[in-house]
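K.L.:
My questions all concern the structure below.
Coordinate-derived values only; no laboratory data. Note that the structure is a prediction, hence the values are computed from the model and not measured. Cβ placement follows ideal geometry from the backbone for every residue including glycine, while neighbour counts extend to all protein chains displayed.
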Amino acid sequence: MKNLMIGLVAASVMLAGPALAQSAKFAATYDDSRFSVVSVIDSDTQPNDCNFNDGYTFATIKVPQDKELLVGVSSEVLLVTDTSIKGKDGGTARALAYAGAEVTVGACPVDGGDCQIAAPGSVALADRFQILEGTLGGVLTNCTDSNGDGDIDLSDCELTDEEISLVIDTLSSHHFNFVLEDMDQGDYNIVALFGTAACNEISSDGDAEAFAFAVAAIGKSMVTVQQVRATKDGIIDATIIE
């Protein structure tokens, strides 16, 4: 799927002119808009579902034979998650809100051809699961001694909804490095494909309700591309050993 998306982006890149700095060894592009690539979901209108969105930016660089490219992607990421539950009489409710953002980097020949996905593949810039759940007894209001016996019990009171909510809004900046190795000679569009997702999941039992809202967005971003030459065995697909 990512190869297909990168390929579709590359086709449109060939028709567009980027705002970038360029040389034989370095290229860069940036987007100073706020915000783009936005996913939003609200359980009031779209319960138990997800929304996705994607967008891209790119820089162009000329590569000699058998060189490597070191690509750095930096971006602001906005995550908003809002969950609330309400109910009474021992009703239970659960609200989940998810917001996340990722990026995939690819090199697409300017003259056409297959795109190469940069290692280590798709990277999560940020994501968040927020879950709020509880059993709600309600709030006692307007209690009166209706029979005048001097005692007040639950039947003498009005029970209204108890409500709990939790909202988290985070804007932060993130950076990750990618590598494209053993590149064939030619001109390449280095594409950074950003993706965002916003999901919710709600459930309730008895006299209770749940609500969930989420937003994920890409803010200002920068993509830098450097032409490098790796040392022998300098690029290793390794695992972390504990």
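K.L.:
May I ask for the equivalent-ellipsoid semi-axes of the range 46-126, computed as the square root of five times each C-alpha gyration tensor eigenvalue and listed largest first in whole Å?
P.N.:
Square roots of five times the eigenvalues give 43, 12, 10 Å.
K.L.:
Taking 0.36 nm per residue of separation and subtracting the Cα-Cα distance, what length does fully extending S146 through D66 add?
P.N.:
Working: separation 80, 0.36 × 80 = 28.80 nm, distance 8.96 nm.
Full extension from S146 to D66 adds 19.8 nm.
K.L.:
Order of 198-211, 44-57 by packing, highest average Cβ count within 10 Å first?
P.N.:
Taking the mean over residues of other Cβ atoms within 10 Å, the ranking is 198-211, 44-57.
K.L.:
Further, regarding this structure: Suppose the chain between V167 and D32 were pulled fully straight at 0.36 nm per residue; how much longer would it get relative to their current alpha carbon spacing? All intermediate terms of the calculation are to be shown ahead of the outcome.
P.N.:
Numbers: separation 135, 0.36 × 135 = 48.60 nm, distance 2.70 nm.
Result for the pair: 45.9 nm of gain on full extension.
K.L.:
By how many degrees, 0 to 90 and rounded to 10, does the Cα axis of helix 2-13 deviate from the longest principal axis of the chain?
P.N.:
Once rounded, one gets 60 degrees.
K.L.:
Then there is this: Among all the aspartates and glutamates, which ones have a C-alpha under 14 Å from K88's C-alpha, if same-chain residues fewer than 8 places away are not counted?
P.N.:
E133, E158, D161, E162, E163, D205, D207, E209
K.L.:
Right, here's the next one. Residue by residue, what Karplus-based ³J(HN,Hα) values in Hz, rounded to whole numbers, does the range 31-42 have, using 6.51, -1.76 and 1.60 with θ = phi - 60° and x for Gly and Pro?
P.N.:
Ordered by residue, 3J(HN,Hα) equals 10, 9, 7, 8, 10, 10, 6, 10, 10, 9, 8, 9 Hz.
K.L.:
Short version: ³J(HN,Hα) in whole Hz for each residue of the range 192-209, in order, from phi by Karplus 6.51 cos²θ - 1.76 cosθ + 1.60 (θ = phi - 60°), x for Gly and Pro, what are they?
P.N.:
9, 9, 8, x, 10, 9, 9, 9, 9, 8, 10, 8, 7, 9, x, 8, 8, 9
K.L.:
Quick one, can you get me the convex hull of the C-alpha atoms of the range 86-141 expressed as volume per residue in Å³?
P.N.:
Hull volume over Cα atoms, normalised by residue count, gives 119 Å³.
K.L.:
Follow-up. For E158 and A238, calculate 0.36 nm times their separation in residues minus their Cα-Cα distance, and state this gained length in nm to one decimal.
P.N.:
Values: separation 80, 0.36 × 80 = 28.80 nm, distance 6.43 nm.
Taking E158 through A238 to full extension adds about 22.4 nm, to one decimal.
K.L.:
Farthest toward the dipole's positive end in the chain, which of T196, V80, N177, given Cβ charges of +1 (Lys, Arg) and -1 (Asp, Glu) about the Cα centre?
P.N.:
Comparing the listed Cα positions along the dipole, N177 ranks first.
K.L.:
Any lysines with Cα under 27 Å of the K220 Cα? List them, leaving off those in the same chain fewer than 8 positions away.
P.N.:
Leaving aside lysines fewer than 8 places away in the same chain, those within reach of K220 are K2, K25, K62.
K.L.:
I've got another one for you. Please report, for the Cα atoms of the chain, the Rg to one decimal and the Dmax as a whole number; what are they, in angstrom?
P.N.:
26.0, 96
K.L.:
Note down the nm distance, to one decimal, between modelled labels 7 Å out along Cα→Cβ at D89 and at K220.
P.N.:
According to this spin-label approximation, the distance is 5.4 nm.
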